Amino acid sequence: MTTLAFRRRLLLATSLGLAPLSAPVAAQELAGDDENLIIVTAQRANQSGVEQQGSVGVLGDKDAADVPFSIRSYNAALILNQQPQTLGQVLENDPTIRTTTGFGIAGELFAIRGFALAGDDIGYDGLYGIMPRQLVAPELYESVQVLNGSTAFLNGAAPGGTGIGGSVNLIPKRATDDAINRVTAGFTGPEHVGGSFDIARRFGGGGQWGIRVNGTARAGDVAIDDEFRSTYVLGAAIDYNSGPLRASFDLAYQRVKVAHFRPKLSVNSLAVIPDAPDADTNFGQPWQYTTLRDIFGQARVEYDIARDVMVYAAFGARDGAEEGVYSTPTLVDAATGEITVSSSFIPRTDNNEAATAGLRARFATGGVTHEVNAGGSINWLVNRNAFEFYALSAESNNLYAPVTVTPSTTVTFVGGDLDDPFPIGRSRLTSGFLSDTVGFWDDRILLTAGVRLQSINTKSYSNATGALTSEYDEDKLTPVFGLVVKPADGLSLYANRIEALVQGAVAPASGANPSGGAPLPVTNAGEVLAPFVSEQYEVGGKMTLGGIDLSLAAFQIDRETAILRLAPGQTDALEFGPFGIQRNRGVEFTVAGELTKGLRLIAGGSVVDAKLRRTQNGVNEGAQAVGVPEYLLNANLEWDVPFIPALTLTGRVVHTGEQAANIDNTLFLEEWTRFDLGARYVAVVGGAPLTFRVNLDNVADADYWASAFDSFRPDLQLGAPRTFKASVTYDF
C-alpha cells in the first residue's frame with residue numbers, strides 16, 4: 001500500500017469513527033466531583049472480566065455454581081479493551097484453549113482439552129451451523145461463552161464433527177436498560193485502520209421494546225509482512241420483553257478478506273524441526289487470498305404459560321459464500337529453509353438452517369425440587385463446493401527469505417463446477433431430549449439426569465456429476481449424569497458423565513495385512529458405522545472468595561476411532577470398527593476476579609496427557625497426540641493506578657508447553673512464552689467519557705512455532721509478531 005493510500009484510509013476511518021466529535025457540543029462546566037464520577041463510572045464499565053455463568057445448552061442460562069460443568073463467559077468490555085480482530089484473539093485469554101488455523105486456509109481452529117473445535121461448530125446463541133465458519137469478527141457479540149467438556153446432550157451433535165473437548169457460544173448484542181451511543185476509531189500496525197459504532201435504545205411503556213445496531217469497518221496491512229485484512233460487519237437486534245412474552249430477532253452481515261496470508265508450514269517426514277523464522281516473516285504468496293461473506297441471524301421467542309413453566313422456540317439461518325486461492329508451502333530442507341509451493345482454487349457456498357423448541361418447568365414435590373427440560377432440535381446443512389488443485393510451482397522458495405513464485409497451471413485434481421458450485425453434501429441432524437434436575441436440601445444437592453436421541457443423516461454427491469454417491473443415516477442415545485453439591489456458601493463440588501457424538505465411518509473393502517503380504521478383505525466392507533461416541537468423566541469444584549472466583553476440574557475423555565483388526569477367529573480377514581481410542585486426561589484451574597481494589601486477574605492453567613490407545617496393529621501405541629501441549633498457563637492483570645485515577649495498566653503472559661509435532665513422537669515443538677502490555681486512559685470531553693487504549697502484543701517480538709495442531713494433518717503454525725494496537729472510544 002502506498003503512503004498516500006494509507007493516509008487516505010486513516011483519514012476516512014478517523015472521520016467515520018469520530019464523526020460525532022466534530023458536531024457542535026455544548027460546553028459544560030463540570031465540577032470536579034462530577035468529572036471524577038464520570039471517570040469512575042467509565043472505568044467500571046471498561047473492566048475486562050470473566051463471568052461465572054453462561055448458556056448450558058438445553059439447561060438454559062445458569063450460574064456456574066449450579067451446574068456440573070465448567071463454564072465461563074468473557075465480556076464485551078474485554079473485547080473492546082483488547083481490540084481483537086478475530087474470535088481466536090479473544091480466546092487467547094483462556095488457559096484451556098489454544099488457537100491455530102486450518103490446513104491451507106486462514107480460518108481459525110481451536111483446541112480444547114486436546115480436541116479440535118472447528119469454526120463450523122461455534123454456537124450462535126445456542127444454535128449450530130449459523131456462525132461464519134472460518135473467521136469471526138468479535139465486535140458484534142456481548143459475550144464469548146466457553147463450556148469445557150463434551151456436550152452431545154446439552155447442544156446436540158456438532159454438525160462439523162468436532163467439539164469433543166468443549167464448545168464456544170457467542171451471544172449477540174442486545175439493547176440494555178441504559179442507552180448506548182458509542183463510536184470508536186482504531187489502528188493496528190503497520191497500516192490497519194478502522195472505525196465502529198454501537199447504538200442501543202429501549203422504548204415503549206416500561207421499555208418493553210429494544211433495538212441495538214452496531215457495525216465495524218477496518219482494512220489494511222497487519223504485522224505479518226504484507227498480509228492484508230479487511231473486515232466489514234453490521235448487526236441489528238430487536239427484542240420485546242413484556243409480561244410472559246419475550247421475543248427477539250437478530251440479523252448480521254460479515255465480509256472478511258485476507259490476502260497474502262501466512263499459511264501453516266507442512267513438514268511431512270523431516271527428521272528435525274526447522275528454526276522458526278522472524279515472527280513477521282510471510283512465507284505465503286501475494287497471489288493467495290480468501291474472501292468470506294456471510295448473512296446470518298435468528299428469531300427467538302419464550303412464553304411463560306405458568307409461573308414456573310416456559311415454552312420456547314428459536315430458528316436461525318445462514319447464507320455463506322467463500323472463494324479463495326490457497327497455497328501450501330512444504331519444507332524440503334530444514335537446514336537451508338528450502339520450500340516448495342503448491343496451490344488450489346476453492347469456491348464454496350453454504351445454506352444452513354437450525355431450529356429448536358422445548359419446555360422448561362420447575363416444581364416441587366415433598367420438599368424436593370425438579371427442573372424438567374424437554375424438546376427437540378434440527379439442523380439442515382447444504383455444502384456447495386468445487387475445487388481445482390495444481391502441481392508444485394517450478395520455482396524454488398525459502399522459508400527464511402521468501403520470494404514470489406509463479407503458481408503452476410497444471411491441474412492435478414478437480415471437482416465440481418468452479419463457476420457455479422453444486423451440492424456435494426447435505427446433512428440433517430435431528431434430536432429429541434429429556435432431562436430432570438432434582439434438588440435436595442434447599443437445592444444444595446442437584447442431581448441431573450437426561451438423554452438425547454440423536455439422528456445423523458448425510459448425503460454425499462459426486463463432485464463430477466452431482467449424482468448421489470452415498471448416504472449415512474444412523475442414530476444414537478447420548479445420556480448425561482451430573483451431580484452438584486454445595487456444602488457451604490460459595491463452594492460448589494460437581495461430577496459428570498457425558499458424551500460427544502460424531503458421524504461414524506464407512507468400512508473399506510480391504511486393508512493392510514498385519515503380518516505383511518497381500519492386503520486382506522474386510523468382512524464388513526461397506527458397513528456404515530454407528531456414530532462414534534466419546535465418553536467424558538469429570539470431577540471438580542468452584543469457589544468464590546470475596547471477589548475471586550476459582551475453579552478446579554479433573555477429566556478423562558475417551559474418543560472412539562475407527563481401525564482395522566483381524567476378524568474374530570480368522571487370520572485371513574479384517575473387520576472395521578470403533579476399536580481404537582484416544583484418551584485425554586487432564587487437570588484445569590482458573591481464577592478470575594478482583595484481588596484487591598483496582599487490581600483484577602484472569603488466570604489459570606491446564607495439564608493434558610493425550611495418548612493413543614488400541615491403535616491399528618499396535619503402531620504408535622501410547623504415543624502422545626500431535627499438537628496437544630503438555631500444559632498451558634495464562635495470566636492477565638489489570639491495575640487501576642491509584643495516583644492517576646483515570647489510568648489503567650494491563651499485562652498478559654501466555655505460556656504453552658512442549659507438544660508433539662508428528663505421530664511417531666520423534667519431533668517436538670519447544671515450549672514458548674509471549675508477553676503483552678497495554679494501557680487505557682479516560683478523559684472527559686463534553687461531559688462524556690473519551691477512552692484511549694493502547695496494546696502491544698508479543699512485546700519481545702519472540703520467534704516461535706506456536707502449534708502443530710490440526711484436525712487434518714500435523715503442520716507448523718508460526719506465532720504472531722509484535723503487534724501495536726491503539727483505539728479511542730467516545731461514549732456520548
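Only the coordinates and a few stated rules stand behind these numbers; no lab work does. Just so it is clear, the model here is predicted, and its values are computed rather than measured. Using ideal geometry, Cβ is built from the backbone for each residue, glycine included, and neighbour counts are taken over all protein chains shown.
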*Cubic angstrom per residue, convex hull over Cα atoms of the stretch 270-349*: 205 Å³
*Report, ordered by chain and residue number, the lysines lying within cross-link reach of LYS542, taken as a straight Cα distance under 27 Å and ignoring same-chain residues fewer than 8 apart.*
LYS62, LYS486, LYS597
*Quick one: which residues, 5 or more positions from ALA625 or on another chain, have an amide H under 5 Å from its amide H? H modelled 1.01 Å from N in the peptide plane, none for Pro or chain starts.*
ALA610, LYS611, LEU612
_Restricting everything to alpha-carbon atoms, can you work out Rg to Rh for the stretch 341-416 with a Kirkwood hydrodynamic radius?_
1.49
*Can you give me the relative contact order of the stretch 3-731 as a percent, contacts being Cα pairs under 8 Å and 6 or more apart?*
12 percent
*Across every pair of different alpha-carbon atoms, what Kirkwood hydrodynamic radius in Å does the stretch 664-732 reach?*
15.1 Å
_Using each residue's phi in the stretch 128-133, evaluate 6.51 cos²θ - 1.76 cosθ + 1.60 at θ = phi - 60° and report the 3J(HN,Hα) Karplus result to the nearest Hz, with x for Gly and Pro._
8, x, 9, 6, x, 8
_Given contacts defined as C-alpha pairs under 8 Å and at least six residues apart, what's the relative contact order of the stretch 626-732, whole-number percent?_
23 percent
_Among 590-602, 421-433, the order from most to least packed when residues are scored by Cβ within 10 Å on average_ = 421-433, 590-602
*Would you mind calculating the gained length between ARG613 and ASP34 on full extension (0.36 nm times residue separation, minus the Cα-Cα distance), in nm to one decimal?*
201.9 nm
*With eigenvalues of the C-alpha gyration tensor scaled by 5 and rooted, the stretch 257-316, Å*: 50, 19, 10
_Could you work out how much longer the chain between LEU453 and PHE440 gets when fully extended? Use 0.36 nm per residue separation minus the Cα distance between them, nm to one decimal._
1.9 nm
_Treating the stretch 3-731 as a set of equal point scatterers at the Cα positions, no solvent, please give the Debye-formula log₁₀ I(q)/I(0) at q = 0.05, 0.06, 0.10 Å⁻¹._
-0.25, -0.37, -1.08
*Hey, quick one: spin label on LEU677, modelled 7 Å out along Cα-Cβ, who in the stretch 694-732 has an amide N within reach, i.e. under 12 Å?*
695-701
*asked:* Explain nothing, just compute: Karplus ³J(HN,Hα) = 6.51 cos²θ - 1.76 cosθ + 1.60, θ = phi - 60°, for every residue of the stretch 720-726 in order, whole Hz, x for Gly and Pro.
replied: 5, x, 4, 9, 9, 10, 8
*What is the spread of the Cα atoms of the stretch 136-175 along each of their three principal axes, largest first, in whole Å?*
31, 17, 14
*Arranged from highest to lowest average of other beta-carbon atoms within 10 Å per residue, in what order do the peptides 322-332, 387-397 appear?*
322-332, 387-397
_Cβ-derived FRET efficiency at R0 25 Å, VAL587 paired with GLU670, nearest 0.05_ = 0.65
*asked:* Highest mean first, how do 645-656, 202-213, 454-465 rank when packing is the count of other Cβ atoms within 10 Å averaged over residues?
replied: 645-656, 454-465, 202-213
*Taking the Cα centre of the stretch 3-731 as the origin and placing charges on Cβ (Lys, Arg +1; Asp, Glu -1), which of ALA726, ALA603, PHE363 is farthest toward the positive end of the dipole?*
PHE363
*Given H placed on each backbone N at 1.01 Å, which residues far from GLY107 in sequence or on other chains put an amide H within less than 5 Å of it?*
GLY102
*Coordinate range along principal axes, alpha carbons of the stretch 540-653, Å, largest first*: 80, 25, 16
_the stretch 292-301 - phi-based ³J(HN,Hα) in whole Hz, Karplus 6.51/-1.76/1.60, Gly and Pro as x_ = 10, 10, 9, 10, 8, x, 7, 10, 9, 9
_Extension reserve of the THR465-SER242 stretch, reckoned as 0.36 nm per residue once the Cα distance is removed_ = 74.9 nm
*What residues have an amide H closer than 5 Å to that of SER510, excluding those fewer than 5 places away on the same chain, when H is modeled at 1.01 Å from N in the peptide plane?*
VAL522
*Could you state, as a whole-number percent, how many of the C-alpha pairs of the stretch 285-417 are farther apart than 22 Å?*
62 percent
*So, with +1 on the Cβ of K and R and -1 on the Cβ of D and E, and no other charges, what is the size of the charge dipole of the stretch 680-732 about its Cα centre, to the nearest 20 debye?*
220 debye
*Value at 222 nm in deg cm²/dmol, rounded to 500, when DSSP H runs of n ≥ 4 in the chain each add -39,500 (n - 2.57)*: -2000 deg cm²/dmol
_If the convex hull is drawn through the Cα atoms of the stretch 229-283, its volume per residue in Å³_ = 185 Å³
*By a straight-distance test (C-alpha under 25 Å), which lysines pair with LYS257 as possible cross-link partners, with residues fewer than eight away in the same chain excluded?*
LYS173, LYS725
